[in-house]
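Working notes for the structure below.
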Amino acid sequence: MPPAAWKTWTALGLVYVVWGSTYLAISYVVDGLPPLLTAAARFLMAAALIGSFVLVRRGSAPFRASGRQWLGGAVIGLLLLLGGNGGVTMAEDHGLPSGLTALLIAGVPLYVVMLRALLRDRPSGRTVLGVTIGFVGLGVLLLPGTRPEGVSAAAAVLVLGSSALWAVGSVLATRIELPKDPLVTTVAEMLGGAVGLAVVGLLRGEQLPTSGVKTSALLALGYLVVFGSVVAFTAYSWLLGTAPVSKVATYAYVNPVVAVALGALIAGEDITTTSVVGGLITVLAVAIVVSESASPPLETPDVLVEPAQEPDDRHGRVRSSRT
């Protein structure tokens, strides 16, 4: 029996708003806290909370994965959280607005399609059209007039690199052995990512401050841990087993819109004409790619697709591009 409509839309609303707001929350966190060490602490705390939840609800059995499976999760965590989230955090630490960051990250499905094509998973004509439109949108977003004065192009390029690493991790996650329980997989990924973020942060000379930290930064960090990494993820996991893939996948192009709106309303971020045009083009392209990917595969039913934005044929569901 399908769940009540209000439950589905409540869960979707949480995913839309909370994940869309994480970019803004990160901008507050990096205002006074070291970006990579703080991100490491975020995912370490989130892993502890999710792991405790699994332990209380289902005991230790789900954690009895092989060393190979745990290692696989850690490697994916390095790509997604160190390469992906770490790059985003660094870019925002260098002044890239949260809304523009979200619009650039929205291009992840486009990179995934390219990677799958390289792996001989032939995309449909509609998907190719979506990717082409998407890269036009990203090009518009990278125009000099789109970035606020004083923000270097390097920060925007860093986000594009993060998107590419996230896409690599997402595709690889469908081709290596991971823990069978999705929550345990998330714990493994978060632990691996946290270790990687901490190591790189320390190598960069980052230090956690002992005093003088802004209250807004601490509140934002708590929000990212509790709501961004636990509450929204739980809502998303519930949606995977109850709602149609096509409906769940809509978060991929709703989140950037939410991020831009919150950045403008709360943080006073400027919305330029070029950012609006580029954002609309990119979101349209993502909608085309995701809607096509959410349809049952016709020619290649045995191909495993990326878990960040598209359905995973192993489970008939979509996995998250946020943690």
Within the stretch 134-170, work out how many residues are modelled with pLDDT under 90 and under 30 Å from ALA65 (Cβ atoms).
-> 1
State which residue is farthest from VAL254 (Cα to Cα) when the search covers only the stretch 13-35 and only residues that are part of a helix (DSSP H, G or I) and over 16 Å from the mean Cα position of the chain (by Cα).
-> PRO35
Provide a single number: the residues in the stretch 46-100 that are within 12 Å of LEU191 (Cβ to Cβ) and charged (D, E, K, R).
-> 0
Within the stretch 43-65, is there a residue that is at pLDDT 95 or above, touching a Gly at 6+ places or on another chain (Cβ under 6 Å) and under 25 Å from ALA198 (Cα atoms)?
-> yes
Go through (1) without any contact (Cβ under 8 Å) to a residue 40 or more places away in the chain; (2) surrounded by 18 or more Cβ atoms within 10 Å (Cβ to Cβ); (3) of a type in the set (A, V, I, L, M) and name the single condition LEU203 misses.
-> (2)
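Restricting to the stretch 157-180, what's the tally of residues that are of a type outside the set (A, V, I, L, M), surrounded by 18 or more Cβ atoms within 10 Å (Cβ to Cβ) and not in a helix (DSSP H, G or I)? First the steps, then the outcome.
Going residue by residue through the stretch 157-180, those that are of a type outside the set (A, V, I, L, M) are 161-163, 166, 169-170, 174-175, 177, 179-180.
Now drop any that are not surrounded by 18 or more Cβ atoms within 10 Å (Cβ to Cβ), which leaves 162-163, 166, 169-170, 174, 179.
Filter again for not in a helix (DSSP H, G or I), leaving 174, 179.
The number of residues fulfilling the criteria is 2.
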Identify, please: which residue in the stretch 235-261 is in contact with a Phe, Trp or Tyr (Cβ under 8 Å, 6 or more places away or on another chain) and within 20 Å of ILE26 (Cα to Cα) and is, among those, modelled with the lowest pLDDT?
-> TYR251
How many residues, within the stretch 1-22, are among the hydroxyl-bearing types (Ser, Thr, Tyr) and farther than 17 Å from LEU224 by Cβ?
-> 2
Breaking point among (1) part of a helix (DSSP H, G or I); (2) hydrophobic (A, V, I, L, M, F, W, C); (3) surrounded by fewer than 24 Cβ atoms within 10 Å (Cβ to Cβ), for MET1 | (1)
Exactly one of (1) closer than 15 Å to VAL226 by Cβ; (2) surrounded by fewer than 18 Cβ atoms within 10 Å (Cβ to Cβ); (3) aliphatic (A, V, I, L, M) is unmet by ALA25. Its number?
-> (2)
Count of the stretch 222-239 residues which are more than 13 Å from VAL18 (Cα to Cα) and buried (at least 19 other Cβ atoms within 10 Å of the Cβ) | 1
Flag if VAL29 is in contact with a Ser or Thr (Cβ under 9 Å, 6 or more places away or on another chain) and of a type in the set (A, V, I, L, M) = yes
Considering only residues of the stretch 115-131 that are in contact (Cβ under 8 Å) with a residue 24 or more places away in the chain and within 22 Å of the chain's Cα centre (by Cα), which is nearest to ALA287 (Cα to Cα)?
-> GLY130
Quick one: how many residues across the stretch 43-65 are in contact (Cβ under 8 Å) with a residue 12 or more places away in the chain and of a type in the set (Val, Ile, Thr)?
-> 2
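The values are calculated or read from the model by the stated rules, or taken from the named source; none is laboratory data. Keep in mind that this is a model prediction, so the values were computed, not measured. Glycine also receives a Cβ, built like all others from the backbone with ideal geometry; neighbour counts cover every protein chain displayed.
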